[in-house]
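What follows is one structure encoded as structure tokens, with my remarks underneath.
The values are calculated or read from the model by the stated rules, or taken from the named source; none is laboratory data. The shown structure was predicted, so the numbers you read here are calculated from the model rather than taken from an experiment. Every residue, glycine among them, receives a Cβ derived from its backbone with ideal geometry; neighbour counts consider all protein chains shown.
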Amino acid sequence: MTIQLSPKKYKELEEELKRLETVERQKIAKHLRFAKELGDLSENSEYSQAREEEALLEKKILQIRDILAKAEIAAPQRKKKGVVGIGSVVTLLAKDKKQKFQIVNSQEANVAKGLISNDSPLGKSLLNKKKGEEIILETPSGKKKYKIIKVE
């Protein structure tokens, strides 16, 4: 299965992998050496903790390697001016409250930063829409109506 990543996200993952494989592995190696010096490993909580940290780090390294191995750098979409697509920044109005989101692929989504996935219900419903259009989205708390007031 191919994973679509923006050039920016691909580079971020490569940098994170490099940091984990060098800096973080060295930190854990030091922690393990220190813990071994404390003596009996069977009752050494420092050693157990360091081994757990090592296992978590190696798991994260494998996950990032897997993503990068499956990654395909998404070609920038030709955006039609004023039409919502991946990369668009959309300002919505819902019940007199403005919200601003950028439409991104699922690997980059982070709602807290205003980045919503093109695969999310809101992202899907916004794709190919224009300023002035309204969408109605079914949510667990009921139907929500959004009006697109700006597409960048």
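Restricting the search to region 1-46, which residues are of a type in the set (A, V, I, L, M, F, W, C), surrounded by 11 or more Cβ atoms within 10 Å (Cβ to Cβ) and without any contact (Cβ under 8 Å) to a residue 40 or more places away in the chain?
Ile28, Ala29, Leu32, Phe34, Ala35, Leu38, Leu41
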Residue check for Glu43: out of contact with any Phe, Trp or Tyr (no Cβ under 7 Å at 6 or more places or on another chain) and under 30 Å from Leu122 (Cβ atoms)
no
Is it true that Gly123 is small (Gly, Ala, Ser), without any contact (Cβ under 8 Å) to a residue 60 or more places away in the chain and crowded, with 17+ Cβ neighbours inside 10 Å?
yes
Taking the options Lys131, Lys60, name whichever one is touching a strand residue (DSSP E or B) at 6+ places or on another chain (Cβ under 6 Å), among the basic types (Lys, Arg), surrounded by 11 or more Cβ atoms within 10 Å (Cβ to Cβ) and touching a residue at least 40 places away in the same chain (Cβ under 8 Å).
Lys131
Ala55 - would you say it is at pLDDT below 95 and aliphatic (A, V, I, L, M)?
no
Quick one: which strands (runs of 3 or more DSSP E) sit completely within region 44-142 and have at least 3 residues that are within 20 Å of the chain's Cα centre (by Cα) and not basic (Lys, Arg)?
71-73, 97-104, 115-117
